[in-house]
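Below you'll find the structure, written out as structure tokens, and then a few comments.
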Amino acid sequence: MEPTLSPPARALPGQQLARGVCRLLLSHDFVALEEVTLVSGLRVDVMGLCPKGEIWVVECKSSRADFTSDRKWQGYLEWADRFFWAVDADFPQDLLPPDTGLILADPWGAEIQRFAPETPLAPARRKAMVQKFARLAALRLMGLRDPQAQAG
């Protein structure tokens, strides 16, 4: 089926990949948030949460330069049960570490090419991440409903 709508005109290439990744995650019964800042201060492109509490982190890379300039990705591993890269069909996939997950994405969807190994989070860290996810989602929803509202 041909897409009838184009991706948002102002979306950057990585944001377009994230859009497709979020659609993929939803098809696997995960809810997703983009641009999540971890307790460590690092920011992940997409974080997915399934009903059982499993957390996936997906880093979207739109080019070789985008990937090679990212020196912080290994810091994401300790905050997720599974870690994936999301790239488009033209990305040189041989650059990506083979012991990580791989998602092929575009603005309309995505497909898992290589499943990430599972590295279960410690229960306390999982609880903290689920709470952070829930609060961030609620704050973003509140901001849409009432843009002038401010947290105390």
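All of the numbers you see were taken from the coordinates with simple rules; none came from a lab. Quantities reported herein were computed from a predicted structural model and do not represent experimental measurements. Neighbour counts run over all protein chains shown; Cβ positions are idealised from the backbone, glycine included.
Side notes on the structure shown:
- Contour minus Cα-Cα distance for SER27 and LEU12 (0.36 nm per residue): 3.1 nm
- Based on Cα contacts under 8 Å between residues 6+ apart, segment 13-145 shows a relative contact order of 24 percent.
- Using R0 = 35 Å, the C-beta based FRET efficiency linking ASP66 and ALA149 works out to 0.50.
- Using just its DSSP H runs of length 4 or more, each adding -39500 (n - 2.57), the chain gives a mean residue ellipticity at 222 nm of -9000 deg cm²/dmol after division by all residues.
- Over the chain, the hull volume per residue, using the convex hull of the C-alpha atoms, is 141 Å³.
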